[in-house]
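Q: What follows is a single structure, and I will ask about it in a moment.
The values are calculated or read from the model by the stated rules, or taken from the named source; none is laboratory data. Just so it is clear, the model here is predicted, and its values are computed rather than measured. Every residue, glycine among them, receives a Cβ derived from its backbone with ideal geometry; neighbour counts consider all protein chains shown. Note: accessible area is taken over every heavy atom of the protein model, side chains too, but ligands, DNA and RNA are not part of it. Shrake-Rupley method; radii C 1.70, N 1.55, O 1.52, S 1.80 Å.
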Amino acid sequence: MLTSPTACDLSFDDLHRHGWSRHDGFLSSALAGQLAAQCVQARHDGRMKAAGTGSGRTPGVHSSIRSDSIAWLEEGQSEACDQYLGLMEGLRQRLNRELFLGLDEYESHFALYAPGAFYCTHLDRFRDDDQRTVSVVMYLNDGWLPGQGGALRLHPEGESPIDILPEAGRMVMFLSAEMLHEVLPTARERLSLAGWFRRRG
């Protein structure tokens with residue numbers, strides 16, 4: 001079974017104190033590679049759809065705001081996805097146990113940024129829905145170089161922006177309602193899993 005070598009050793013101090021945290025090597029290289037292949041296959045199969053903005057069943061598509069494509073994960077769609085969702089369930093339980101966040105469920109989708117794609121500065125919590133509590137981004141890109149762009153740029157309040165490259169196996173967590181963030185334009189295809197731990201409505 002493919003598991004993360006560090007899944008049981010995370011510290012949530014940065015998330016608690018600063019509103020965000022970075023964890024390199026959270027996914028094994030084998031699992032990251034399998035998930036990357038499934039993301040690319042979803043594109044080939046036509047399952048990737050233009051990402052929208054806003055809540056509801058039919059969020060609006062605004063290519064001037066974001067230009068990535070997404071495909072939602074569902075339990076049972078593949079062994080690799082189930083392993084990933086299992087890791088996230090363990091993480092949900094640890095976040096609740098250590099930070100008392102009352103997280104009830106996790107939702108996630110593949111996100112594919114073609115060369116030139118981006119996502120403008122935004123918050124992950126909707127104005128009319130306060131259930132998203134902790135955002136999770138998992139990167140699936142081998143050999144990413146700084147000159148290839150595509151960084152996640154965090155905007156902590158009162159601090160300088162922080163750029164994080166989308167390197168395979170790296171996980172970034174941040175508070176959905178508080179952390180402004182954006183994805184800078186990418187010069188190569190950029191693969192990730194975006195997800196949210198949600199409180200019960």
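Q: Picking from 34, 77, which residue would you name as being modelled with pLDDT of 95 or more, open to solvent by 50 Å² or more (accessible area, probe 1.4 Å) and either assigned to a loop (DSSP other than H, G, I, E, B) or not aliphatic (A, V, I, L, M) (or both)?
A: Only one candidate qualifies: 34.
Q: On to the next question. If we scan region 178-187, do we find a residue that is out of contact with any helix residue (DSSP H, G or I) (no Cβ under 6 Å at 6 or more places or on another chain), open to solvent by 10 Å² or more (accessible area, probe 1.4 Å) and free of Cβ contacts under 8 Å to residues at least 12 places away in the same chain?
A: Checked region 178-187: no residue is out of contact with any helix residue (DSSP H, G or I) (no Cβ under 6 Å at 6 or more places or on another chain), open to solvent by 10 Å² or more (accessible area, probe 1.4 Å) and free of Cβ contacts under 8 Å to residues at least 12 places away in the same chain.
Q: Every residue in region 78-103 that is under 16 Å from residue 196 (Cβ atoms) and in contact (Cβ under 8 Å) with a residue 60 or more places away in the chain, please.
A: 84, 87, 88, 91, 92, 95, 99, 101, 102, 103
Q: For region 123-142, state whether one or more residues are assigned to a loop (DSSP other than H, G, I, E, B), open to solvent by less than 20 Å² (accessible area, probe 1.4 Å), at pLDDT 95 or above and among the hydrophobic types (A, V, I, L, M, F, W, C).
A: yes
Q: I need the full set of residues from region 88-122 which are polar (S, T, N, Q), assigned to a helix (DSSP H, G or I) and either surrounded by 14 or more Cβ atoms within 10 Å (Cβ to Cβ) or under 14 Å from the mean Cα position of the chain (by Cα) (or both), in order please.
A: The answer is 96, and nothing else.
Q: I'm trying to understand the selection: among the residues of region 62-74, which are surrounded by fewer than 14 Cβ atoms within 10 Å (Cβ to Cβ) and either more than 16 Å from the chain's Cα centre (by Cα) or modelled with pLDDT under 85 (or both)?
A: Result: 63, 64.
Q: Please find, within region 143-156, the residue that is farthest from residue 91 (Cα to Cα) out of those that are out of contact with any helix residue (DSSP H, G or I) (no Cβ under 8 Å at 6 or more places or on another chain) and open to solvent by less than 40 Å² (accessible area, probe 1.4 Å).
A: The extreme case among them is 149.
Q: Something else: Only one residue in 198, 153 is in a strand (DSSP E or B), within 14 Å of residue 21 (Cα to Cα) and of a type in the set (Lys, Arg), so which one is that?
A: 153
Q: Then there is this: Just for region 157-177: of the residues that are open to solvent by less than 10 Å² (accessible area, probe 1.4 Å) and part of a loop (DSSP other than H, G, I, E, B), which one is farthest from residue 65 (Cα to Cα)?
A: Out of the qualifying residues, it is 169.
Q: Something else about it: If you check residue 45 against the conditions, is it more than 20 Å from residue 113 (Cβ to Cβ), of a type in the set (Asp, Glu) and at pLDDT 85 or above?
A: no
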